[in-house]
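Here is the structure we will look at.
The values are calculated or read from the model by the stated rules, or taken from the named source; none is laboratory data. All values reported here derive from a predicted model rather than from experimental measurement. Positions of Cβ are backbone-derived with ideal geometry, glycine not excepted, and every protein chain shown enters the neighbour counts. The protein model used for the area step is the full one, side chains on, heavy atoms only, and it has no ligands, DNA or RNA in it. Shrake-Rupley method; radii C 1.70, N 1.55, O 1.52, S 1.80 Å.
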Amino acid sequence: MPDDVSFSEVSNSDGFVERYRVDRPAGPAPTKRAQVREILERLIDSELHPGDAIPSERVLVTRLGVSRVTVRQAIADLVEAGALERVHGKGTYVTGPQVDSRLHLTSFSREMRDRGLIPATVVLSAAEEFASDDVAYALRIRPKRAVIRVERLRTADGTPMAYEVGYYPAALFPGLLDRELGSLYDVFAHEYGVVVTSGEQTVRAEAADAHQARILGIAKRAPLLVQERVTYAGNQVIEMSSSAYRADRYRIHMAITPRGAREN
């Protein structure tokens, strides 16, 4: 066998042994950490899919003949690069879709489809209740008036992306609980003739609580990007919602213009 070629065997998530050829470049030999990282990158590119687990550290140490420290360093490099993610208490997985969002008013489903991803919604709960003072103020209705509270998990290509809680005036949307609640803006437009025209939104960072972490499949206190929105149809407020996005899956882009630039 030529001196610049070697082979490594790695068991994939199904327990089968895969043999990978590593061509050693001319010049200084790459570090063991770099070699392990390259093997994992090839495994991710050729055998695994988003959501698949990589071989355990123990398997990698045994098959590749390197130390556990080297394996952990190589995995850490790929986690930092966004190729892998660690799930506390479960293992390390190939990452799912990551979305760059520009601030504009659109539904989650439409935004995901525009990025070539398949959106899906799990309705966790939906019920009519009395509006709290905060909800009533945001929706411009009297306290204790009936509102529809909808709690949903939003996914893209099967990966949990956001946990949402929204409030909607019951008087404006009679029978809403009998409708399909996957894409509410489409329901409002097609079933009630109510078209979203504008909104006010704030974004803040927070750590996931136990409830959010369980639903999104992340560790407790993992970072979230929380979007709080009040949505209008003309002058009518139709929605108050809070959407907690996984910070490892969602980034926000904004175009910034210097103040007074138009005057120059």
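Just one of (1) more than 16 Å from E128 (Cβ to Cβ); (2) more than 23 Å from the chain's Cα centre (by Cα); (3) in a strand (DSSP E or B) trips up F188, so point out which.
(3)
Any chance the range 206-219 includes a residue that's in a strand (DSSP E or B), modelled with pLDDT under 95 and touching a strand residue (DSSP E or B) at 6+ places or on another chain (Cβ under 9 Å)?
yes
Only one of these is at pLDDT 90 or above and touching a helix residue (DSSP H, G or I) at 6+ places or on another chain (Cβ under 9 Å): V194, V226. Name it.
V194
Consider A208 carefully, then state whether it is open to solvent by less than 80 Å² (accessible area, probe 1.4 Å) and hydrophobic (A, V, I, L, M, F, W, C).
yes
Being open to solvent by 40 Å² or more (accessible area, probe 1.4 Å) and at pLDDT 75 or above is the filter here; which residues of the range 82-106 pass it?
R86, K90, Y93
Pairs please, first residue from the range 32-57 and more than 29 Å from T155 (Cβ to Cβ), second anywhere and modelled with pLDDT under 90 and among the hydroxyl-bearing types (S, T, Y), Cβ atoms under 9 Å, 6+ apart in sequence or on different chains.
Q35/S6; Q35/S8; V36/S8; E38/Y20; I39/S8; I39/Y20
If F130 passes every condition in (1) surrounded by 15 or more Cβ atoms within 10 Å (Cβ to Cβ); (2) at pLDDT 90 or above but one, which one does it miss?
For F130, the failing item is (1).
Residues in the range 159-178 that are surrounded by fewer than 16 Cβ atoms within 10 Å (Cβ to Cβ) and outside any strand (DSSP E or B): how many?
Counting residues in the range 159-178 that are surrounded by fewer than 16 Cβ atoms within 10 Å (Cβ to Cβ) and outside any strand (DSSP E or B) gives 5.
Taking the range 31-45 as the search range and keeping residues that are open to solvent by 70 Å² or more (accessible area, probe 1.4 Å) and under 24 Å from the mean Cα position of the chain (by Cα), which one is farthest from V79 (Cα to Cα)?
Once the filter is applied, the top-ranked residue is D45.
Within the range 52-71, can one find any residue that is more than 17 Å from A219 (Cβ to Cβ), among the small types (G, A, S) and touching a Leu at 6+ places or on another chain (Cβ under 8 Å)?
No: zero hits.
Please state which one of V147, V195 is in a loop (DSSP other than H, G, I, E, B), touching a residue at least 12 places away in the same chain (Cβ under 8 Å) and more than 14 Å from A244 (Cα to Cα).
V195
Please specify each residue of the range 220-238 satisfying the condition of being farther than 26 Å from E206 by Cα, exposed (fewer than 15 other Cβ atoms within 10 Å of the Cβ) and touching a residue at least 24 places away in the same chain (Cβ under 8 Å).
G234, Q236
Looking at (1) at pLDDT below 60; (2) assigned to a helix (DSSP H, G or I); (3) among the polar types (S, T, N, Q), which is the only condition S109 fails?
(1)
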